[in-house]
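Trainee: Can you keep this structure in mind? I'll have questions shortly.
Coordinate-derived values only; no laboratory data. Nothing here was measured: the structure is a model prediction, and the numbers come from that model. Glycine also receives a Cβ, built like all others from the backbone with ideal geometry; neighbour counts cover every protein chain displayed.
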Amino acid sequence: MHRGGAPRIRFERRLEQPRWLSIASPFILVAAALAVGAALLALVGAAPLVVYGRMAEIAFGSAYGWSDTTIKATPLILAGLGVSIAFKMRLWNIGAEGQLFIGAWCATGVALFLMPKDTPQALMLLAMGLAGFIGGAFWGFIPGVLKAKLNINEIITTLMLTYVAFQWNNFFVYGPWSQRGFGLTEQFPKSAWMPRFTDFGKIFPAFQGMTAHFGILLAVILAVFLWFVWRRSKWGFGVKIIGDNPRAARYAGINLTRNIIVVMMLSGGLAGIAGMVEVSGVVHRLQERFSPGYGYTAIIIAWLAKLNPLAIILVSYLFGGLLVGGDAIQPAGIAGMLQGVILFVVVGGESMLQYRIRVER
Amino acid sequence: MDLSFFVVLLAAGIRYGTGTLFATIGEIFAERAGVLNVGIEGMMLMGAVTAYGAAYYTGNPWLGLLVALIVGGVMALLHAFVTITLRADQVVSGLALTLLGAGLSAVIGAPLVEVRDAPQLPAFPIPGLAQIPILGPIFFDHNVIVYIGLLAAPIAWWYIYRTRPGMELRAIGEYPAAADVLGIAVIRQRYLYVIFGGMLAGLGGAALSLAITPLWVEGMTAGQGWIALGLVIFASWNPLRAALGAYLFGAIGRLPLDLQNLPLFLANPQLGYFARMLPYLFVILLMIISARGNMRRRIGAPAALGQPYVREERGA
Amino acid sequence: MPDATYAVEMRDITKRFPGVLANDHVNFGAQAGEVHALLGENGAGKSTLMNVLCGLYRPEAGAILIDGQPVHFHSPRDAIQSGVGMVHQHFMLVQSQSVAENVFLGVRNASFSLRSQQMAAAVQKIGDQYGLPVDPNAKIWQLSVGEQQRVEIIKILYRGARILVLDEPTAVLTPQESEMLFQTLRAMKNDGKTIIFISHKLEEVISIADNVTVLRAGKVAATTPAKGMTKAQLASLMVGRQVFFQFDKAPAKLGEVRLALAGVEAQDDKFLPALRGVSLEVRSGEIVGIAGVAGNGQRELAETVTGLRKLTAGKITVAGRDVTGSPPLVMIDAGIAYVPEDRHHTGTAPNLSVAENLALKAYRKPPIGHGALIAPDAMQTSAVDLIRAFDISTPGPQTPARKLSGGNLQKVILAREISAEPQVLIAASPTRGLDIGATESVRKLLLAQRDEGAAILLISEDLDEIFAISDRIVVMYEGSIMGEFPTAEAEIGQVGLLMAGGEHGAHASAV
């Protein structure tokens, strides 16, 4: 049985990735993703270069553009950090969107019903942040326990709980907390507003009109802190071992059950803070759909940043810009489509760069 | 509540569960072959939007169905290439597929959102059988796509457990090296089953937009692709159990509509939001039940699920 | 040397893997009705050569001739069609399928829908013909290792194989089971089949083979009739130098009891009893070897003692301290070190660096761990010290562990476990898959630990290893201890009998 001598194309894994390639690869991949996105845009009848140009200009072309991009990047960084913690241990928490909603719901409850309106701003924000963290952490705790104790697939549970969170949120914004039956609550008291840069416009004129809020500072601080935790802490080292080989981790005396639950809670908690920051800094109330899928975009960001907390800041700005630019572009949904394309191209491309293509006779 | 309530509920369950059933069976084939594809949601959405669009522009719902099969297959081919040939992480690739499908379907479907009159697949009460009390309305008074689903589950079961290619399918997901040394083309078969799984997911999407909830809305699958993923585990990779799970899910998914006419819900319409949580909580419950059961009976996933197959690597 | 009488001939086979020349112009030939042994160290290229023969690998150069006719194998299917079948070292059986299904897997001319009764009858027939009894309807996971091997042989016989390749077939068998296998092989030989027998066990090669081809570092070192060869001659051909089979072992200086098990019971992964009332003591300064066929509770024993597996009854004491039912971390702190049998999947984290793998347990304590933090400098320094002390060959401490050879990976594990200065060292198959040089150095390390007063529990399926370095031998069968002997008084036949469950059960249980 001969299969003839026709040449076959084979992918051969490289033994060592050349240095130039590891430096160049992110750029090659982003360029490839943009090219594929352009092809798709052309296919659906848009002019790719015009669309890209407009989006870039709107997102990064002016100080206000940067401010708007910062607003979008803030929850993305926080949720991205959250997702990255779980991914580090190869736990696929893809329910950050739901954790974000529950975090926002808890923060709202604190702002509107638990704390008096005249609570000092710092205290109020602290309480809301804590509530957001606890809410998100609880939403991560459920799949965490199910995974740790019963080995139930966390991909499914985190996502199912996201849909539950939407309905939970809807019940309140249309029901008990609703303002006249619309899908939103009443506005928070000013003490529950995250300070915005424009609030300091009188002192620093350059900040005038900049609606970006101080959540970005929190996000950056947490990113740096997490970076330090991965590099220098015992706990971070343990998580790293579990992520690489859970059996070796157990063998080395690391408690898998406890770490799975803790990591899922931290992961959810950071997404919950993202939700708190969004309601406190941007919308100033709870709404039916206040997030344009930050929790899903966070998955892409964490992956593209290779789970490096500092890189997450950078990538979040890129995707923040994509969201800002996408909002101004027709047809709607282009931003979402490009996100999928980018992740797909990067996932495939990253593997492809590990291969040499060889034609075999 | 009388008997007719349950008859209506079960009939609706079979109807509403059909889309999920196709997707679940498709995923069973892919996973049996050793490839996890968590991109079902994306493939379903693309299937739904392209089927609806094709039916609208050509006036033929069957063409819509065909287009959905092709689109689902093409998307799965992407996943197959990235995970089988390039050996990228199957979870991440599947997530990318979902996000891509969600975004792309929204862009493609933007002009279709206003369309309300695309042709649908026909309903077809089976003469004679549909008149049987109780069983008639439950099984024999449906849209044609529902009958296809009712037939698909036993056929898939027979194929997997009782045929030669089905035996090979089970082997390549369980121990691909063993299949390989016996001359079974592991890579090619994995491609075929992943693509076939994608086609069924596309079909599931088309079943939604052309028959079950006949219109196109952005994100209309509402997590059914993810639910299919859970049902595969609940079903222990067995299509007959998948049918049970999908139809149960359908009945519970339909429950909010029935409940809203009860006095309690009429007085408190917001309670409907809790009713809408039920399908998702139901899936979590199923997972818990099957986790305990599988632990006891030692029924696990195909052993090689999630692992790329490589032949030419130096062993010990 | 072309010879038309060869049933199978391989000429000038060259096979290269990234960074390794596995086969370098190898010539090999075997006749019909011959048992031909292929001998060599791990890594000498035996398995590679046979994988080329059965179509799994494609050689860069060289030719294969079957009955004098050149053939080109592009896949295992081609090889099967030319009558070449292989029994792999790791059985190629689908655990969840039945015996009959495994036999018929990939058979093209079978009907589309499965006919289970006809399939079972066909399996039965071959089994009867060659003395390979096995239940065609049993699932593979229900079978013993010996039975699984029979299924593999039936599988290739059903496909009409005339040339059978067996890759280390006796490695998993008791001496008695091996003897049964040899009878089957002789029957097949008399039937005119060609049998290629891969091994590194010298004695069985001399007893069963007609001819021997010895491979060394990818090249043929010699091809010779087996008759008249001595163990020492074959060994020096294999290694290329003189080999000493005896270790100079000082008599054991017994100290206090370091590890004591009393009536320990545990379950396996399927929740079936795996340890049935195991009682055992290991003293400072001795090596206790656990002999047994794989799957008789050895793995569960190691995991129970290290806290990785829950015990269901009994008591474990380490240096007088009751640690029954404690988690792994407590066991580590109590002074138990563990060299696991699966060095890739349990013993190391492949993508972490050598330094991180060396610190896998030590990172909690000074000098590496301080409070909640880790000192990377201290980790690096300690890694450099250990790499030097244990002669680990690695490009550097920051190299990912997966890039290390098996022998060096094992040294990383030993360095980590020994440097913790343990009370008790559990070593499970510590030399499996290592070449002779690495095996020797691992065994010397274990003996040195013993001489320094450690209590060592050696679990191995390799009887030679058990006899070579342990002071006492304990035989396990189906989770029970069948007998216990000082090594000096143990006989290999008696140990083998107990490993198989032994007819002297009544006698052994009294021990």
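Trainee: Mind listing the long-range amide H neighbours of C:TYR338? Cut-off is under 5 Å, sequence gap 5 or more, other chains count too, H placed in the peptide plane at 1.01 Å from N.
Mentor: The answer is C:ILE426.
Trainee: Residue by residue through A:239-250, how many Cβ atoms from other chains fall within 10 Å of the Cβ on average?
Mentor: Whole-number average of other-chain Cβ neighbours for A:239-250 is 6.
Trainee: Which cross-chain or sequence-distant (5 or more) residues have an amide H under 5 Å from the amide H of C:VAL212, H modelled 1.01 Å from N in plane?
Mentor: C:ALA37, C:THR224, C:ALA226
Trainee: Sorted from largest down, what three extents in whole angstroms do the Cα atoms of segment A:251-361 have along their principal axes?
Mentor: Computed over the Cα atoms, the extents are 65, 53, 23 Å.
Trainee: Tilt of helix A:19-43 relative to the longest C-alpha principal axis of chain A, in degrees (0 to 90, nearest 10)?
Mentor: 70 degrees
Trainee: Still on this structure, I have one more. Once phi is turned into θ = phi - 60°, what whole-Hz ³J(HN,Hα) does the Karplus curve with 6.51, -1.76 and 1.60 give for every residue of segment A:134-151, x standing for Gly and Pro?
Mentor: Taking θ as phi minus 60°, the curve returns 4, x, x, 4, 5, 5, x, 4, 4, x, x, 5, 4, 5, 5, 8, 10, 6 Hz for segment A:134-151.
Trainee: For chain B, calculate the relative contact order in percent as a whole number, restricting contacts to Cα pairs under 8 Å that are 6 or more residues apart.
Mentor: This gives 36 percent for chain B.
Trainee: Going by the alpha-carbon gyration tensor, a ≥ b ≥ c the square roots of its eigenvalues, is segment A:250-313 rounded (a/c under 1.5) or, if a/c is not under 1.5, prolate (a/b greater than b/c) versus oblate?
Mentor: Cα axes put segment A:250-313 in the prolate bin.
Trainee: Relative to the Cα centre, what is the charge dipole magnitude of segment B:3-297, using +1 at the beta carbon of each Lys and Arg, -1 at the beta carbon of each Asp and Glu, and rounding to the nearest 20 debye?
Mentor: Charge dipole, segment B:3-297, about its Cα centre: 680 debye, nearest 20.
Trainee: Right, something else. Please report the Cα spread of segment C:135-212 along all three principal axes, rounded to whole Å, starting with the longest.
Mentor: The Cα atoms of segment C:135-212 stretch 38, 28, 17 Å along the principal axes, largest first.
Trainee: Additional query: Report, in debye and to the nearest 20, how large the dipole of segment A:242-361 comes out about its Cα centre when Lys and Arg carry +1 and Asp and Glu carry -1 on their Cβ.
Mentor: 460 debye
Trainee: Evaluate peptide C:360-367: per residue, the Cβ atoms of other protein chains within 10 Å of its Cβ; return the mean as an integer.
Mentor: Whole-number average of other-chain Cβ neighbours for C:360-367 is 3.
Trainee: Given the convex hull over the Cα atoms of segment B:3-297, what projected area results after averaging over all orientations, in nm²?
Mentor: Spelled out: convex hull of the Cα atoms, projected over all directions, averaged, 17.0 nm².
Trainee: Sort the following peptides by mean Cβ neighbour count (other Cβ atoms within 10 Å, averaged over residues), highest first: C:462-470, B:193-201.
Mentor: Output ranking for C:462-470, B:193-201: B:193-201, C:462-470.
Trainee: Counting DSSP beta bridges with both partners in chain C, what percentage is antiparallel, nearest 5?
Mentor: 55 percent
Trainee: Amide H of C:GLY314 versus every other amide H placed in the peptide plane: which residues, excluding those fewer than 5 positions away on the same chain, fall under 5 Å?
Mentor: Here the answer is C:GLU265, since their amide H atoms fall under 5 Å of that of C:GLY314.
Trainee: Same structure, new question: Quick one: Kirkwood hydrodynamic radius for segment C:6-239, alpha-carbon pairs, angstrom, one decimal?
Mentor: 18.1 Å
Trainee: Output the antiparallel fraction of DSSP beta bridges having both residues in the protein assembly as shown, as a percent to the nearest 5.
Mentor: 60 percent
Trainee: Quick check: convex hull over the Cα atoms of segment C:220-379, volume per residue in Å³, rounded to an integer?
Mentor: Roughly 236 Å³ of hull volume per residue.
Trainee: Give me a comma-separated list of calculated 3J(HN,Hα) values for segment B:239-246, in order, Karplus coefficients 6.51, -1.76, 1.60 applied at θ = phi - 60°, integers in Hz, x for any Gly or Pro.
Mentor: x, 5, 5, 4, 4, 4, x, 5
Trainee: Let me ask something additional. Within 10 Å of each Cβ in C:75-81, how many Cβ atoms from other chains are there, averaged over the peptide?
Mentor: For this peptide, the per-residue mean of nearby foreign Cβ atoms is 5.
Trainee: Let me know the whole percent of all Cα-Cα pairs from chain A that are separated by more than 32 Å.
Mentor: 38 percent
Trainee: Would you mind computing Rg(Cα) / (2.2 N^0.38 Å) for the protein assembly as shown, counting N as its residues?
Mentor: Cα Rg divided by the expected 2.2 N^0.38 Å: 1.01.
Trainee: If all Cα-Cα distances of segment B:1-117 are sorted into 5 Å bins from 0 onward, what percent lands in each bin, rounded to whole numbers?
Mentor: Histogramming segment B:1-117 at 5 Å steps yields 2, 11, 17, 19, 17, 13, 9, 7, 3, 1, 0, 0 percent.
Trainee: Still on this model: What do you get for the angle between helix A:334-352 and the principal long axis of chain A? Use alpha-carbon atoms, 0 to 90 degrees, nearest ten.
Mentor: The angle comes out at about 40 degrees.
Trainee: Could you tell me the distance between the Cα centroids of segment A:264-303 and segment B:150-213, to the nearest Å?
Mentor: 38 Å
Trainee: Show me, bin by bin at 5 Å from 0, the whole-percent P(r) of segment B:153-275 based on Cα pairs.
Mentor: In order of increasing distance, the bins hold 2, 9, 13, 18, 16, 13, 10, 7, 5, 3, 3, 1, 1, 0 percent.
Trainee: Also: Could you size up the charge dipole of chain C around its Cα centre, putting +1 on the beta carbon of Lys and Arg and -1 on that of Asp and Glu, and report it in debye to the nearest 20?
Mentor: Charge dipole, chain C, about its Cα centre: 1060 debye, nearest 20.
Trainee: How many angstrom separate the Cα center of segment C:422-442 from the Cα center of segment C:90-136?
Mentor: 39 Å
Trainee: Among C:LYS403, C:LYS270, C:LYS201, C:LYS365, which comes first, then next, by fewest other beta-carbon atoms within 10 Å?
Mentor: Listing C:LYS403, C:LYS270, C:LYS201, C:LYS365 from fewest to most nearby Cβ atoms yields C:LYS270, C:LYS365, C:LYS403, C:LYS201.
Trainee: Under the √(5λ) rule applied to the eigenvalues of the Cα gyration tensor, what semi-axes describe the equivalent ellipsoid of segment C:352-511? Give them in Å, descending.
Mentor: Square roots of five times the eigenvalues give 37, 17, 13 Å.
Trainee: Between B:MET46, B:MET75, B:MET277, find the one with the highest GNM mean-square fluctuation for chain B; connect C-alpha pairs within less than 10 Å.
Mentor: With Cα springs under 10 Å in chain B, the top fluctuation among B:MET46, B:MET75, B:MET277 is at B:MET277.
Trainee: Taking only DSSP H segments of four or more residues, each worth -39500 (n - 2.57), what value at 222 nm results for chain C once the sum is divided by all its residues, to the nearest 500 deg cm²/dmol?
Mentor: -9500 deg cm²/dmol
Trainee: Take A:SER62 and C:GLN129, extend 7 Å from each Cα along the Cα→Cβ direction, and tell me the distance between the two endpoints in nm.
Mentor: Output for this residue pair reads 8.7 nm.
Trainee: To continue, here is another question. Residue by residue through segment B:206-217, what is 3J(HN,Hα) from phi via Karplus (6.51 cos²θ - 1.76 cosθ + 1.60, θ = phi - 60°)? Round to whole Hz and write x for glycine and proline.
Mentor: Going residue by residue, I get 5, 4, 5, 7, 9, 9, 7, 10, x, 5, 10, 10 Hz, with x marking Gly and Pro.
Trainee: Order the peptides C:209-216, C:5-12 from the highest to the lowest mean number of other Cβ atoms within 10 Å of their residues.
Mentor: The densest-packed peptide leads the list: C:209-216, C:5-12.
Trainee: A further question follows. Around A:GLY253, with a cut-off of 11 angstrom between Cβ atoms, what is the net charge of the other residues, counting Lys and Arg +1 and Asp and Glu -1?
Mentor: Its environment carries a net charge of +2.
Trainee: For a footprinting-style exposure proxy, rank A:LEU338, A:LEU217 by other Cβ within 10 Å, fewest first.
Mentor: A:LEU217, A:LEU338
Trainee: Specify whether the C-alpha gyration tensor of segment A:118-253 places it in the rounded, prolate or oblate class, a ≥ b ≥ c being the square roots of the eigenvalues: rounded for a/c under 1.5, otherwise prolate if a/b is larger than b/c and oblate if not.
Mentor: Oblate.
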